[in-house]
2 protein chains.
Amino acid sequence: MKKYDVVVIGGGPAGITCVISAHNTYPQKSIALIRTEEKALVPCGIPYIMHSLNSVDEDIAPDKLVTNTGADLIIDEVVEKEEKKLKLKSGEVIAYDKLVIATGSLSILPPIQGARKEGVFIVRKDYDYLTNVREYAKKSSNIVIIGGGYIGVEMADELLKEGKTVTLVEMLDRLLPTTMDHEFGNKAKEILEAKGAKFLLGQRVDSILGNNKVTSVMLNNKAEIAADMVIISVGARPNVTMASGFGLAVHPRNGIWVNEYLRTFDKDIFAIGDCAAKYDFFSGEFSNVMLASTAMAEGRLVGSNLFSIKVMRRFTGVLGSFSTKIGDTAFGTSGLTEMKAKEMNMDYTVGEATTVDRHPGTLPGASKLYLKLIFSRYSHTILGAQMYGGDSVGELVNMFSVMILNKMTDMDIDNLQIGTHPLLSASPIAYPVINASVDAIKKWYKYET
Amino acid sequence: MKKYDVVVIGGGPAGITCVISAHNTYPQKSIALIRTEEKALVPCGIPYIMHSLNSVDEDIAPDKLVTNTGADLIIDEVVEKEEKKLKLKSGEVIAYDKLVIATGSLSILPPIQGARKEGVFIVRKDYDYLTNVREYAKKSSNIVIIGGGYIGVEMADELLKEGKTVTLVEMLDRLLPTTMDHEFGNKAKEILEAKGAKFLLGQRVDSILGNNKVTSVMLNNKAEIAADMVIISVGARPNVTMASGFGLAVHPRNGIWVNEYLRTFDKDIFAIGDCAAKYDFFSGEFSNVMLASTAMAEGRLVGSNLFSIKVMRRFTGVLGSFSTKIGDTAFGTSGLTEMKAKEMNMDYTVGEATTVDRHPGTLPGASKLYLKLIFSRYSHTILGAQMYGGDSVGELVNMFSVMILNKMTDMDIDNLQIGTHPLLSASPIAYPVINASVDAIKKWYKYET
């Protein structure tokens, strides 16, 4: 029986980061990472295997990220735990001192009749499965995507670039329905429509038709759409099966119960990433946001804190900072949307700014940038930011995460010292971060003579 | 005699921003901006009139920025002040309640023999002068630039794009000598050398030769370089002549004395922008950094606080956040360089990371990104960031400004929730902001068993 100081189960972003961080913090401890997959995928790259990447192999996280730390990488499946010993499918038994569960999430297969026909796929983080999805898409013409969240929209964009006929069906009345305000979903729709996509919003797929193989999709309004391939991307749920088998407290929709430091009820077991419960940054309620970046922040924290708490958690709760690119337009969001602010009954102000991200705007590479900020009306702190524009959105969104986490106010932002450059950013006088804050200030400010 | 509640003298970024902010905060006050120039230039765009812009007119700040607020724009020169009345060159007299001086800075003409010959130019913020510089460059072949700071380097890049033979002479032994560490200056040099520029570093221009018109430049080592045009960009000094004439306390090198809220010794007179004294964010000593973005932060603050202090100054001292682009590589810096940290006798650690700003790095638009961070070794706060990479540097540098201003520590950054996307940013596992912080942590962290 082999014994490790630290065993991490799961080879996704959370698991890998946790190993690296554990090795950095405790260089003399022995570490193993156990995963079932031969090859570990980079989750956010998956939609891009359809067109931008030349193969699924280009979307693989290299094993050396783990093995370079000196950790053992074990391809096997954990089937049982007894005390502090794990029994693997191969028969091997591995003992641990500290255990980290990072079993990720599973794509939801909704109860649609015919969803198991040939040509119907979910978005599974599995190399062979995705290789098949990619090949199947190459030879298909009419592709129906079910679900208009990020993955569905990114898939649509990629498949359009491949020259496919793409129809996207979304139950709610807009794209990116849970993560961005409607004007952003509308913008994404407009971009993809211009490239030929068809959208059926506010509609549900009732059944998938065809003999063995899909030939069409039937909506709840009885409309039928020809399809030789269907991709379902309607979200994921935490993979809690193993943790549940270990006797840990789990909630099937919200994940493995963990405290502030991602520790489970068992003091030697931690859970990180999509499988671990998360709390919303603003409400403290359970959050269903699953992001590699959140998973990795958790992996780093737990990796450092395994044997004693070394890193105080400065920020708790999931902010939900993410970005994507649809056509040539980048989208980003961090923190509260207006939609969520309403839902939470927040008293808020909105600040907006539209600009061009070069100055003067005639310079090459210039894109229109639209920014929408949400502030707490009376406490003035920034709660959220949404934007679309050029590629600079990729880092602009992170700048807002830093501002939100630091509870900066509209006045603090008005005070900011920012750098701008003609070839890289908006004119300082049109800098949208400042101007949208000033716009919000104008909403509550009353001039008294 | 006309009377205004607020008079701003100077039409650059500080002055314009101050008018906008004053109007937003005090919509019922009457405001005038007085400037001598017929047309107001955008200072950071000046180097780009050489190639990227089609004319000097593309680099003009539109007057409607001022007039749209309802403020009067007066093209005239203030020649005298008596009590709270300004006498203009035209003979008009204007009374004010609050006065804001935003007279900017003047390019330094070093005492080089022959510097007044035809074909020798400084970088003056003047429409007619720059139109002449642009035309003169178009018909010149061998151009010598004196000074290797941002403007000199940007000019060199632009003139190379115009197909000119460019030689740059810098007194110190590196490019960007006062604002970035030597590895960044070296990188800029390497990029421009590959495009054909010649650099003479650690050398001084002794005299400019030719009859009326420049024909060559003589260095202190007696080497002679053929030149039909010379551009001098060796810095600027605050334009304090008017303030001095008004009896305000000024220092010829450091500017008009102002307190924390940019107020001069006269309680009804403020000074903002390049002409106002600035203090270093870290040392509290005088700072010579002159940036439009700093000037505008000051303009906003004073505009809001003219009649009572409404906006608490959250951050004092000049951070010096800026970015530029040389060839296809963007450079950015915010806060302390290692060079300055040494000079200040700071006990610091350096964290570095190199990555590719797309993931996987085979995706289109990917650029190598190098990041260097400076932390206080014992108090752990981030003090500075320097980087080069793709265009995302333009906003990445501002994210660091926000971190520095919020006194975030290496551990705070390790805790950050950041969004990344394949088409927009580095892989979350290679995200340089986190990885450079972890690198710094490794420098002080001692593992104890």
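Laid out as a table, the results:
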{"read-out": "Residue match in the range B:149-159 (condition: farther than 15 Å from B:GLY327 by Cα and modelled with pLDDT of 95 or more)", "value": "yes"}
{"read-out": "Any hit, the range A:303-322, residues being within 18 Å of the chain's Cα centre (by Cα), among the aliphatic types (A, V, I, L, M), over 23 Å from A:ALA188 (Cα atoms) and crowded, with 16+ Cβ neighbours inside 10 Å", "value": "yes"}
{"read-out": "Selection count where residues are in contact (Cβ under 8 Å) with a residue 40 or more places away in the chain and either within 29 Å of the chain's Cα centre (by Cα) or more than 9 Å from chain A (Cβ to nearest Cβ) (or both), scope the range B:397-420", "value": "7"}
{"read-out": "Leading residue by the ranking (surrounded by the most Cβ atoms within 10 Å (Cβ to Cβ)) among those in the range A:426-449 that are of a type in the set (A, V, I, L, M, F, W, C) and under 31 Å from the mean Cα position of the chain (by Cα)", "value": "A:ALA426"}
{"read-out": "Residues (within 14 Å of another protein chain (Cβ to nearest Cβ) and surrounded by fewer than 21 Cβ atoms within 10 Å (Cβ to Cβ)) located in the range A:263-281", "value": "A:TYR279, A:ASP280"}
{"read-out": "Odd one out for A:LYS29 among (1) crowded, with 16+ Cβ neighbours inside 10 Å; (2) closer than 26 Å to A:ALA236 by Cβ; (3) in contact (Cβ under 8 Å) with a residue 12 or more places away in the chain", "value": "(2)"}
{"read-out": "Set B:THR409, B:THR337, B:THR349, B:THR381: member being farther than 30 Å from A:ILE326 by Cβ, touching a His at 6+ places or on another chain (Cβ under 7 Å) and of a type in the set (Ser, Thr, Tyr)", "value": "B:THR409"}
{"read-out": "Filtered residues of the range B:242-257 (kept if modelled with pLDDT under 95 and either of a type in the set (Lys, Arg) or over 18 Å from the mean Cα position of the chain (by Cα) (or both))", "value": "B:HIS251, B:PRO252, B:ARG253"}
{"read-out": "Residue in the range B:296-317 that is among the charged types (D, E, K, R), at pLDDT 90 or above and under 24 Å from B:ILE151 (Cβ atoms) present", "value": "yes"}
{"read-out": "Residue in the range B:391-410 that is over 18 Å from A:SER293 (Cβ atoms), in contact with a helix residue (DSSP H, G or I) (Cβ under 6 Å, 6 or more places away or on another chain) and not small (Gly, Ala, Ser) present", "value": "yes"}
{"read-out": "Residues of the range A:16-54 that turn out to be at the interface with chain B (Cβ under 10 Å from one of its Cβ atoms) and within 18 Å of A:TYR4 (Cβ to Cβ), as a count", "value": "10"}
{"read-out": "Failed condition for B:SER334, given (1) within 19 Å of B:ARG263 (Cα to Cα); (2) touching a Ser or Thr at 6+ places or on another chain (Cβ under 6 Å); (3) of a type in the set (S, T, N, Q)", "value": "(1)"}
{"read-out": "Members of the range A:304-320 found to be part of a helix (DSSP H, G or I) and more than 10 Å from chain B (Cβ to nearest Cβ), listed by number", "value": "A:ASN305"}
{"read-out": "Unmet requirement for A:SER427, which otherwise passes all of (1) under 22 Å from B:TYR431 (Cβ atoms); (2) within 8 Å of chain B (Cβ to nearest Cβ); (3) small (Gly, Ala, Ser)", "value": "(1)"}
{"read-out": "Test result for B:GLU285, acidic (Asp, Glu), within 14 Å of chain A (Cβ to nearest Cβ) and at negative phi", "value": "no"}
{"read-out": "Residues that are without any contact (Cβ under 8 Å) to a residue 60 or more places away in the chain, in contact with a Leu (Cβ under 7 Å, 6 or more places away or on another chain) and charged (D, E, K, R), drawn from the range A:182-202", "value": "A:LYS189"}
{"read-out": "Selection count where residues are without any contact (Cβ under 8 Å) to a residue 60 or more places away in the chain and of a type outside the set (Val, Ile, Thr), scope the range A:79-129", "value": "12"}
{"read-out": "Residue that is touching a strand residue (DSSP E or B) at 6+ places or on another chain (Cβ under 6 Å) and within 14 Å of chain A (Cβ to nearest Cβ), where the choices are B:ASP72, B:ASP97, B:ASP57", "value": "B:ASP97"}
{"read-out": "Filter result for B:LEU423 (under 22 Å from the mean Cα position of the chain (by Cα), in contact (Cβ under 8 Å) with a residue 12 or more places away in the chain and under 22 Å from B:PHE331 (Cα atoms))", "value": "no"}
{"read-out": "Single residue of the range A:397-423 satisfying the filter (part of a loop (DSSP other than H, G, I, E, B) and aliphatic (A, V, I, L, M)) that is nearest to B:GLY317 (Cα to Cα)", "value": "A:LEU416"}
{"read-out": "The range B:267-303, subset assigned to a helix (DSSP H, G or I) and of a type in the set (S, T, N, Q), residue farthest from A:ALA430 (Cα to Cα)", "value": "B:THR294"}
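The values are calculated or read from the model by the stated rules, or taken from the named source; none is laboratory data. This structure is a prediction, so every number in the text was calculated from the model and none was measured. Reconstructed Cβ throughout: ideal geometry from the backbone, glycine too, with neighbour counts over all protein chains shown.
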